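A quick write-up on the structure given underneath.
What follows is calculated from the coordinates using simple rules that are stated; it is not laboratory data. What you are looking at is a predicted structure, and each value in this text was computed from that prediction instead of being measured. Cβ placement follows ideal geometry from the backbone for every residue including glycine, while neighbour counts extend to all protein chains displayed.
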Amino acid sequence: MRFADFHPGQVIEAGPYEVTEAEVLQFARAYDPQWFHTDPEAAARGPFEGLIASGWHTCGIAMRLVADAALAGSESFASPGLQYVKWPAPVRPGDVLRLRAEVLESRRSGSRPNLCILRWRWSLLNQHGVQVLELEATSLFDVPVG
């Protein structure tokens with residue numbers, strides 16, 4: 001999508017994305033090697049009663065869905081960060097996730113005319129409609145004036 005295609009109130013949906021045990025283990029072993037992400041047997045005895053994906057893995061899945069559904073082919077070039085990130089429920093192997101992104105604001109910078117700013121709220125839901133991720137992101141776009 002091009003920056004001009006975004007408008008406040010717009011909802012963009014993407015997915016489904018099926019989470020596999022192999023990718024949960026691979027991501028966790030590389031980036032978040034905590035036992036409840038890397039050891040299925042220990043995780044089965046833990047507070048989540050099973051293996052769960054890293055929250056950072058969950059964010060990566062959301063980023064992939066957003067990139068494919070909305071940012072591919074756009075003028076997007078960076079993000080200054082997130083307002084917040086929440087993981088209200090765990091992601092488990094076998095979950096099928098879908099993205100819902102709501103545009104909160106789209107505007108041109110007052111001081112840099114080529115800089116356009118998009119604020120949006122991303123939510124990932126599992127196959128039961130349970131929210132597993134919520135975040136608010138800002139994306140920057142380089143859009144020539146005129």
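Comparing the stretch 67-138 with the 2.2 N^0.38 Å rule of thumb, its C-alpha radius of gyration ratio is 1.30 (two decimals). A convex hull fitted to the Cα coordinates of the chain yields 110 cubic angstrom per residue.
Give the angle, between 0 and 90 degrees and rounded to the nearest 10, that separates the Cα long axis of helix 21-31 from the longest principal axis of the Cα atoms of the chain. Compared with the principal axis, the helix lies near 70 degrees.
Taking the C-alpha atoms only, the angle from helix 55-66 to the longest principal axis of the chain is near 40 degrees. Separation of the stretch 75-114 from the stretch 48-69 is 13 Å, based on Cα centroids.
Under the definition of Cα pairs under 8 Å and six or more residues apart, what whole-number percent is the relative contact order of the chain? Provide the component values of the computation, followed by the final result.
Working: 310 pairs, mean separation 42.8, N = 146.
RCO, the chain: 29 percent.
Around Val85, under 13 Å between beta carbons, what's the net of Lys plus Arg minus Asp minus Glu among the other residues? Walk me through the intermediate numbers first.
Working: positive: Lys86, Arg121; negative: Glu134, Glu136.
In short, 0.
Annotation note: GluC sites (Glu not before Pro) in the stretch 9-78 located in DSSP loop regions with a Cβ neighbour count of at most 13 within 10 Å are Glu49.
For the chain, which span is the longest to avoid every loop-located (per DSSP) member of trypsin sites (Lys or Arg not before Pro) having at most 14 other Cβ atoms inside 10 Å?
On the way: sites that count: Arg2, Arg45.
In short, 46-146.
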